[in-house]
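A short worksheet on the structure shown next.
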Amino acid sequence: MDRYDPIVIEQKWRKRWEDEKTFKTDLKNAKKPFYNLMMFPYPSGEGLHVGHVYAFGGSDTFGRFKRLQGYDVFEPMGFDSFGIHSENYAIKTKTHPKDLIEKTTGYFREKQLKRLGALFDWDRQVITSDPDYYKWTQWIFIQLFKAGLAVRKKAPVNWCPSCKTVLADEQVISGRCERCNSEVVQKELAQWFFRITEYAEKLLNNLETIDWSQSTKLIQRNWIGRSEGAEIDFPIKGSRLKIRVFTTRPDTIYGATFMVLAPEHELALKISSAKFSEAVRDYIAQSKKATELERSQAKTGVFTGAYCLNPFTNKQVPIWVADYVLGIYGSGAIMAVPAHDQRDFEFAKRQGLKIVKIVSGGVAQEKAYVGEGKLVNSGQFNGLNSQEAIDTMSDYIEKNKFGRKTVNYHLRDWLISRQRYWGPPIPMIFCALCAKKGDGEKAKDRVVHPGWYAVPEKDLPVRLPHLENYQPKGRGVSPLATMPDFVSVKCPKCGKTARRETDVSDTFLDSSWYFLRYPSTEFKTKAFDQKITKKWLPVNSYIGGNEHAVMHLLYSRFITMALKSLRLIDFEEPFNKFRAHGLIIHKGAKMSKSRGNVVNPNDYMDAYGPDALRMYLLFIGPYDLGGDFSDRAIAGVYRFLNRVWKLLLGLGKGTQVSASDKLNRAINRLVLKAGEDLESLKFNTAIAAIMEFTNLASKHKNEFDRGTIEKYLIVLSPFAPFTTEELWERLGFLKEKGSVHHQAWPISESKYLEAENVTIAVQINGKLRDTMVVERSKIDRFATGDHFVDYKREIETLALSSKKVKKHVNGRKVRRVIYVPEKVLNIVVDV
């Protein structure tokens, strides 16, 4: 018998599968389509780590199972190659991003991904930095612009001083850049935004119906952040201007003792009196240097000298500017109710401002009371409880035209512009002459941005030019702005000299639609073919990490909804089923380059083979939770595959005509158990069941038939594709039936699944004292050494729990236990 050599086996079958296109799916003629997708990687660094293998291995194992169930499984792979991740690594290694991506994608594909034995269809590879791909990313931008969903506006934005670019809200974690962890500051810049807020209600409501991990849906639900409340206008004393605020607690309006504007608010300087305007101007300038985190923790502010009127009391309320209010949230203004909001309370204490208790409960002079209660100091509304008051006072606001009832969202429009080099140029052109005339591209049949035109579709893609000095410039200027030949262009309308937009788009736009491109890569004149898209989309199963819940996953849902609104596709949710996988922990932390705890999968594939690595990772814990990576434990899985190898080759082709009842029961239970577990991504328990069967089979080698071996290899094949294919060939099945991966998942025979009981006589010193009825499956499990338990001790424990046995033992010392399997258990005790 040849020894088990996983490296030789891997090389043999990789070549044969590739040459014979074993896993190629005919997308046009598929009868039972199943689109199995996994998140494609950033090819930005040294290579994949075992966390990627965990994600990809689990998704591929599920795809292989669906294939065995008779589905035509399409499992593509590509590279999210544009963006700040790749560019930063290029800067670090002093390489041009284009050269870097050519090198890293080749390494990822040839030296790592292909080694996994996955079903990847490399003929349909997508690389987002390929002009054939980003042409259509630019085309999508243009469609959204013409639909009024892409707008340019001047707004306070998150600025990373290290990455030297703006960031979307979703890319700021606790006031820091999600990529480099630098503290983020606020800047006011003219940027391009996608109006994702137009779809906030639909994005929220659809979470109730889509089959996604509950953890992912909760993250999105919280990020969208729906709040019912009222918009209220506070007239500014001595002016026709008003300050509009949104509040979920209109019941506390009688306690609004001051108003706070964000430093970015357009009225902050405009309303300031001459006496205070210089102090306000200095304060605004100083706040721009602070990070979002610093601002949220600070309680500094400056008085404007102006007052507004509380519409309920007509009393004047002082207007302050304070940095704890951010211009990017809500209206950039709040009515401050210090008795019932802790931030307002701390600010009022610091500035010596009035605190008026409005809701009964708590002690207003010690801390804010944020709960509900009955209203006090609230005029005609005194005595109402909070919920009743919210409804009554909201109606009063609308009736008296102080404002209106409304719904607000935490979600903000998606900031698309990036002042970097490595990304798709935003396909827009600005003409100053047309701007003066009020001409421009029509969006929703009207000019919304005078002077701005979309690049004509016939001129796409707007190619990213080669730029040697591509490093970010800072100050809100893109590196492309330094290229006169790129910037200068003819106006699509008047033909005069105009200028291109020099910002590139967010990398999350690239990945927000890539799943649409995979099935249509051969079409050069359209982003996605309608016929093929209708057949294969939406995606049947998508597996990835929850770290993308409010970026990639949320953006993909928005883009899909927008394309549906434009009648370019006929579905509005991109992924029928999404499951979030857990994390691989190493040295006490999530695996990442920044923590220095990355494990290179090549090292373990070289030592133990890809099957052992894949199987080990899926065995270490529930797939949605992950587990701790251990060098020693992977060797145990390698030894298990070695046992399988020796067991099956030891049986050879000359097995029994039919298997024993014991093996028939065991293999049918395995087929049922593994099938149920694979369907629900419980890979670890499916593998445990396979190991359990293997232990039993090792004790009953002479009871096998070919049918049992066949079923066993098919069940094992999604986890160990290389090993099972080699054994399948060596045992003669390949010549008879074709690849193990072309088989059908076995059917469990019900007659072997019925519980079978065994009666065991329990004796005390040789005298029958009780009988025990034990399910045979439990005895088999004990006997196979499930988790290496002592099955005799398990049977003994069951016996000693009997009331009759306890009565006769009566506290006497047990000298020994004699067990005749499945017949008698004799307990010898002191006389």
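The values are calculated or read from the model by the stated rules, or taken from the named source; none is laboratory data. Everything numeric here is computed off the predicted structure, so don't read it as measured data. Quick reminder, even Gly has a Cβ in these numbers, built from the backbone with ideal geometry, and neighbours come from all protein chains shown. These area figures cover heavy atoms from the full protein model, side chains too; ligands, DNA and RNA do not enter into them. Shrake-Rupley method; radii C 1.70, N 1.55, O 1.52, S 1.80 Å.
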With the first residue restricted to the stretch 460-483 and required to be under 17 Å from ALA498 (Cα atoms), and the second required to be open to solvent by less than 50 Å² (accessible area, probe 1.4 Å) and among the aromatic types (Phe, Trp, Tyr), Cβ contacts under 7 Å at 6 or more apart or on different chains are LEU480/TYR421; LEU480/PHE486
Taking the stretch 392-429 as the region of interest, how many residues are in a loop (DSSP other than H, G, I, E, B), open to solvent by 50 Å² or more (accessible area, probe 1.4 Å) and closer than 30 Å to GLY379 by Cα? 2
Determine whether ALA168 is surrounded by 20 or more Cβ atoms within 10 Å (Cβ to Cβ), within 30 Å of LYS524 (Cβ to Cβ) and of a type in the set (Gly, Ala, Ser). no
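Within the stretch 4-42, count every residue that is in a loop (DSSP other than H, G, I, E, B) and either in contact with a helix residue (DSSP H, G or I) (Cβ under 8 Å, 6 or more places away or on another chain) or β-branched (Val, Ile, Thr) (or both).
The qualifying residues number 12.
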Only one of (1) open to solvent by less than 30 Å² (accessible area, probe 1.4 Å); (2) within 17 Å of GLN191 (Cβ to Cβ) is not met by ALA498, so which one is it? (2)
Can you go through GLU794, GLU822 and tell me which one is assigned to a helix (DSSP H, G or I), open to solvent by 20 Å² or more (accessible area, probe 1.4 Å), at pLDDT 75 or above and touching a helix residue (DSSP H, G or I) at 6+ places or on another chain (Cβ under 7 Å)? GLU794
With the checklist (1) open to solvent by less than 40 Å² (accessible area, probe 1.4 Å); (2) over 18 Å from LYS288 (Cβ atoms) in hand, flag the one item GLN191 doesn't pass. (2)
Checking ARG665 against (1) surrounded by fewer than 20 Cβ atoms within 10 Å (Cβ to Cβ); (2) touching a Phe, Trp or Tyr at 6+ places or on another chain (Cβ under 7 Å); (3) touching a residue at least 40 places away in the same chain (Cβ under 8 Å), only one condition comes out false. Which one? (1)
Residue in the stretch 695-715 that is farthest from ARG64 (Cα to Cα), counting only those that are of a type in the set (Ser, Thr, Tyr) and buried (at least 17 other Cβ atoms within 10 Å of the Cβ): THR708
Note on the stretch 515-536: residues touching a strand residue (DSSP E or B) at 6+ places or on another chain (Cβ under 9 Å) and in a helix (DSSP H, G or I) are PHE515, ARG517, TYR518, PRO519, LYS535, TRP536
Which numbered condition SER488 misses (of (1) within 22 Å of TRP139 (Cα to Cα); (2) open to solvent by less than 60 Å² (accessible area, probe 1.4 Å); (3) hydroxyl-bearing (Ser, Thr, Tyr)): (2)
Helices (runs of 4 or more DSSP H) wholly in the stretch 250-367 with at least 3 residues that are open to solvent by less than 20 Å² (accessible area, probe 1.4 Å) and at pLDDT 90 or above - which ones? 342-351
If the Cβ limit is 7 Å and pairs must be 6+ apart or interchain, which residue in the stretch 528-549 that is under 18 Å from LEU207 (Cβ atoms) and in contact (Cβ under 8 Å) with a residue 40 or more places away in the chain pairs with which residue that is β-branched (Val, Ile, Thr) and open to solvent by 10 Å² or more (accessible area, probe 1.4 Å)? ASN546/ILE219; ALA549/ILE219
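Does the stretch 688-747 hold any residues that are among the acidic types (Asp, Glu) and touching a helix residue (DSSP H, G or I) at 6+ places or on another chain (Cβ under 6 Å), and which are they?
GLU692, GLU703, GLU725, GLU726
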Meets criteria (at pLDDT below 95, open to solvent by 50 Å² or more (accessible area, probe 1.4 Å) and not hydrophobic (A, V, I, L, M, F, W, C)) for GLU18: no
Restricting to the stretch 45-103, name every residue that is in a loop (DSSP other than H, G, I, E, B), open to solvent by 20 Å² or more (accessible area, probe 1.4 Å) and in contact with a strand residue (DSSP E or B) (Cβ under 9 Å, 6 or more places away or on another chain). HIS49, GLN69, TYR71
ARG614 meets each of (1) open to solvent by 20 Å² or more (accessible area, probe 1.4 Å); (2) touching a Phe, Trp or Tyr at 6+ places or on another chain (Cβ under 7 Å); (3) closer than 30 Å to GLN214 by Cα; (4) basic (Lys, Arg) with one exception, condition (1)
Qualifying positions in the stretch 430-461 - more than 23 Å from THR525 (Cα to Cα) and not in a loop (DSSP other than H, G, I, E, B): PHE430, ALA432, LEU433, CYS434, ALA435, LYS436, LYS437, LYS442, ALA443, ARG446, VAL447, TRP452
Filter the stretch 368-380 down to residues that are closer than 17 Å to THR248 by Cβ, out of contact with any Gly (no Cβ under 6 Å at 6 or more places or on another chain) and open to solvent by 50 Å² or more (accessible area, probe 1.4 Å), then give me how many there are. 2
Checked against (1) under 17 Å from TRP212 (Cβ atoms); (2) open to solvent by 10 Å² or more (accessible area, probe 1.4 Å); (3) not aromatic (Phe, Trp, Tyr), ARG595 satisfies every condition except (1)
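Residue by residue, here is whether (1) touching a helix residue (DSSP H, G or I) at 6+ places or on another chain (Cβ under 6 Å); (2) modelled with pLDDT under 95; (3) surrounded by fewer than 21 Cβ atoms within 10 Å (Cβ to Cβ) holds:
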{"site": "PRO519", "(1), (2), (3)": "yes, no, no"}
{"site": "LYS526", "(1), (2), (3)": "no, no, yes"}
{"site": "GLN530", "(1), (2), (3)": "no, no, yes"}
{"site": "VAL539", "(1), (2), (3)": "yes, no, no"}
{"site": "GLY544", "(1), (2), (3)": "no, no, no"}
{"site": "HIS548", "(1), (2), (3)": "no, yes, yes"}
{"site": "PRO574", "(1), (2), (3)": "yes, no, no"}
{"site": "GLY588", "(1), (2), (3)": "no, yes, yes"}
Could you tell me whether the stretch 637-646 includes any residue that is surrounded by fewer than 17 Cβ atoms within 10 Å (Cβ to Cβ) and farther than 28 Å from SER59 by Cβ? yes
When the residues of the stretch 716-770 are narrowed to those that are among the polar types (S, T, N, Q), in a helix (DSSP H, G or I) and closer than 23 Å to SER658 by Cα, which ends up most open to solvent (accessible area, probe 1.4 Å)? SER750
Note down all Cβ pairs under 8 Å where the first residue falls in the stretch 355-366 and is farther than 15 Å from ASN385 by Cβ, the second is open to solvent by 40 Å² or more (accessible area, probe 1.4 Å) and at pLDDT below 80, and they're at least six residues apart or on different chains. ILE355/GLN365
Conditions (1) open to solvent by 10 Å² or more (accessible area, probe 1.4 Å); (2) under 30 Å from VAL359 (Cβ atoms); (3) in contact with a Phe, Trp or Tyr (Cβ under 9 Å, 6 or more places away or on another chain): number failed by ILE232: (1)
In the stretch 163-208, how many residues are at pLDDT below 95 and not in a strand (DSSP E or B)? 14
If I filter the stretch 326-346 for residues that are out of contact with any Leu (no Cβ under 8 Å at 6 or more places or on another chain), among the basic types (Lys, Arg) and over 30 Å from MET393 (Cα atoms), do I get at least one hit? no
